[in-house]
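Presented below is the structure to which this report refers.
The values are calculated or read from the model by the stated rules, or taken from the named source; none is laboratory data. Quick caveat, the model's predicted, so the values are computed rather than measured. Reconstructed Cβ throughout: ideal geometry from the backbone, glycine too, with neighbour counts over all protein chains shown.
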Protein chains: 2
Amino acid sequence: MEPTTNIILELFVIFAAAKLAGEVFERIGQPAVIGELIVGVLIGPGLLGWVRPDMVVDTVAQMGVVVLLFMVGLETRPDELYCVGTDAVLVGVLGVALPFAAGWGYMALTGAPLSEQLFIATALVATSVGITARVLRDKGLIDTRAARIIIGAAVIDDILGMLILAIVGSFTAKGSAGFDWKEVALLAGMAVAFVVFLAVVAPRAIKRGAPSMAHLRTPNAPFAFAILLMLGLAALAEQIQLAGIVGAFLAGMALAELGDDWNLHDQMRPLYEWLVPYFFVVMGMHVNVALLMRPEVLIPGLILSVIAIVTKLAGGMLGALRGGWREALAIGYGMVPRGEVGLIVAAVGLARGIVEERYYSVAVLVVVVTTVIVPPLLPRLFAQAREGVKPETLVPLTPEGSAR
Amino acid sequence: MEPTTNIILELFVIFAAAKLAGEVFERIGQPAVIGELIVGVLIGPGLLGWVRPDMVVDTVAQMGVVVLLFMVGLETRPDELYCVGTDAVLVGVLGVALPFAAGWGYMALTGAPLSEQLFIATALVATSVGITARVLRDKGLIDTRAARIIIGAAVIDDILGMLILAIVGSFTAKGSAGFDWKEVALLAGMAVAFVVFLAVVAPRAIKRGAPSMAHLRTPNAPFAFAILLMLGLAALAEQIQLAGIVGAFLAGMALAELGDDWNLHDQMRPLYEWLVPYFFVVMGMHVNVALLMRPEVLIPGLILSVIAIVTKLAGGMLGALRGGWREALAIGYGMVPRGEVGLIVAAVGLARGIVEERYYSVAVLVVVVTTVIVPPLLPRLFAQAREGVKPETLVPLTPEGSAR
């Protein structure tokens, strides 16, 4: 081992900042996660420069977001997700189509090259379920029908976003012989197979294999198995170009029915409480305030943010109207945040020389705006939805949910 | 967030290897930690090269060893450590003096320059409590008097090792005006003040302040406080040139009496089970087998390993004879592993051009040998000690200990 003096110090500074900001924001009636994002901007290289994003903090942030989505998966029983399947598909598809079309339209008006138009439109597509899931978990709302629809739709969004990136990417690849149907079909097939296998086959297989866990000598083998499944499926999802968090979510869902027997909730909670705040602080650290304030970034960024918000909200609402407009509003609003997937798309475009530096910053601004506006209002919209819909469609707070 | 595809894959591969090796070694009646070390050598760059030590794995390894020592601290009530104070000081001091003297003697015979002689002798000094603590925790033996003496002595060793490094360092600094008494006195003062404050004042202060935790809005504030204390004191210990794990241990001890009220054991256990194996796999990954097998490394390495084992054993036994020779043997043997501190000393010497590359590898070999020989025998020696000593000095297995 080399002397690695700064790792622990970095972890301490970020966690202390996260907890301080969380406490302050809870006291002013806002979700802790907003405090974590803002304190990340504050201590990051854009402002104070106390901590820089490096492999140390990125590692812990990745662990955090994987644990977060695994935890959300654990709280999502597959049959509950099937119940909302149609709504989730509608919300997901409309929530992808409208932002893509509108984003493309706006970019066409700016006179950017076609390839850049398509890339920025793609960056507007995928919902970042991290923020919404965090707010809903912290407020004990993750067990509601609306939350299920959001999460199901976000998984679908991620698959669609990945496919659109593949299509746009092969359209716009420099010197490419045009569009590669085979690659896109292969990616689509793998993604769908992955999700269907994990959502349908895996939970049953795991349930059947669970008793043999008792033969292992490893102490607390079920917990070790859960961690292995979480990391393994997240890594596998990344290998087939899905977001790792989709794999982590599906791993959690595959274990949802065994969660109580194996005491997984209680064992994951300390991991959640330690690691998840890093993800949100680090997201804040990646924001360069000075750059975002320049007019050539600020103006298109704000216009595209409005487009991103309105179209996702409209798509989500249209897809979920069956449950009443109040619930549809909560769902549409919960779909608004764009996160790491949008940034990854923009970063790929930047790396290929298709997206200008300026429009990369625009994408960052869209992510920031769409992310920051959601947590303050979302619990209120969920509370209104609760009043508006039929009681049986809103599962009541579990004791575990309200304890968080 | 940049696309960081490989983080989760690396974490998966290491955890899977650790659990597989742990299971195999438990089945052949050996501690899981040995399997983790060996699988680390196997998958590391020295042999298969599946995973390389980088900031990702070093980060998680550091988190693991900090959690390990924090957990050991949580299980060590300060008053129990005071009871074994005299023995621990004797074991610590003798266990430093003998290896240093013998190591210096051997190096003088080899004809190495004085500065190199002193550096290698210093590298033999500090006990790495990580291995011993892990084996004793896994076997439910951490609550014994012998374990307390080992842990107390290891803290003392770490302080003494740090002081000797400061003294030797200022003796041998290139172009230095000789030995800097002031710096050494300052370091010694800070180290002693840090340890005494945390071991004596902090537990009472925390106990008095604990009820005010209820006023915080942060959910599960005591756990967040415990994590902050663990990271903060580990970082602070590193700032004053102690090992971070000493700070983590003292943080755990400061919270030991509140551990039950705050449910810290149960909450730390999942962190322990996920993160601690990384430390041992990564320790294995840093071993370059091909280099260690060269005769010019192998021969002095084995000689120095024997010296390191015999002198630490003798020092530990001499210091602990009051409790009977069987217990003294268990204690002396538990003190044998040298770990990251020895490597840090050698690395400092290498960086300053005082220690040859060859002797750096020799230090690595000493660490490997002294580390690997301990886990297989230690539980047996503890079992013998249990038969040999008066029953009241050996606390029986706790249910929690035996469950691990």
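The single residue among B:55, B:63, B:71 that is among the aliphatic types (A, V, I, L, M), under 26 Å from residue B:268 (Cα atoms) and free of Cβ contacts under 8 Å to residues at least 24 places away in the same chain turns out to be B:55. Scan segment B:39-66 for residues that are surrounded by 24 or more Cβ atoms within 10 Å (Cβ to Cβ) and of a type in the set (A, V, I, L, M, F, W, C) and the total you get is 8. Taken over segment A:332-386, the criterion of being aromatic (Phe, Trp, Tyr) and modelled with pLDDT under 85 is satisfied by A:359, A:360, A:382. Within segment B:101-146, the set of residues being surrounded by fewer than 21 Cβ atoms within 10 Å (Cβ to Cβ) and aromatic (Phe, Trp, Tyr) comprises B:104, B:106.
With the structure loaded, tell me whether residue A:329 is assigned to a helix (DSSP H, G or I) and modelled with pLDDT of 80 or more or whether it fails that test. So residue A:329 fits the description; yes. Listed conditions (1) buried (at least 23 other Cβ atoms within 10 Å of the Cβ); (2) more than 30 Å from residue B:348 (Cα to Cα); (3) modelled with pLDDT of 90 or more are all met by residue B:320, apart from (3).
I'm checking my understanding of the structure. Among residues of segment A:265-275 that are more than 8 Å from chain B (Cβ to nearest Cβ) and at pLDDT 90 or above, which one is nearest to residue A:67 (Cα to Cα)? Top of the filtered list is A:272.
Can you find even one residue in segment B:376-386 that is assigned to a helix (DSSP H, G or I) and closer than 25 Å to residue B:159 by Cα? Scanning segment B:376-386, I find at least one residue that is assigned to a helix (DSSP H, G or I) and closer than 25 Å to residue B:159 by Cα, so the answer is yes. Residues in segment A:122-161 that are within 23 Å of residue A:387 (Cβ to Cβ) and outside any helix (DSSP H, G or I): A:139, A:140, A:141, A:142, A:143, A:144.
Within segment A:345-388, the residues that satisfy the criterion of being surrounded by fewer than 21 Cβ atoms within 10 Å (Cβ to Cβ), within 14 Å of chain B (Cβ to nearest Cβ) and touching an Asp or Glu at 6+ places or on another chain (Cβ under 8 Å) are A:347, A:350.
I'm checking my understanding of the structure. Among residues of segment A:213-250 that are within 19 Å of the chain's Cα centre (by Cα) and among the polar types (S, T, N, Q), which one is farthest from the other protein chains (Cβ to nearest Cβ)? Of everything passing the filter in segment A:213-250, A:241 is farthest from the other protein chains (Cβ to nearest Cβ).
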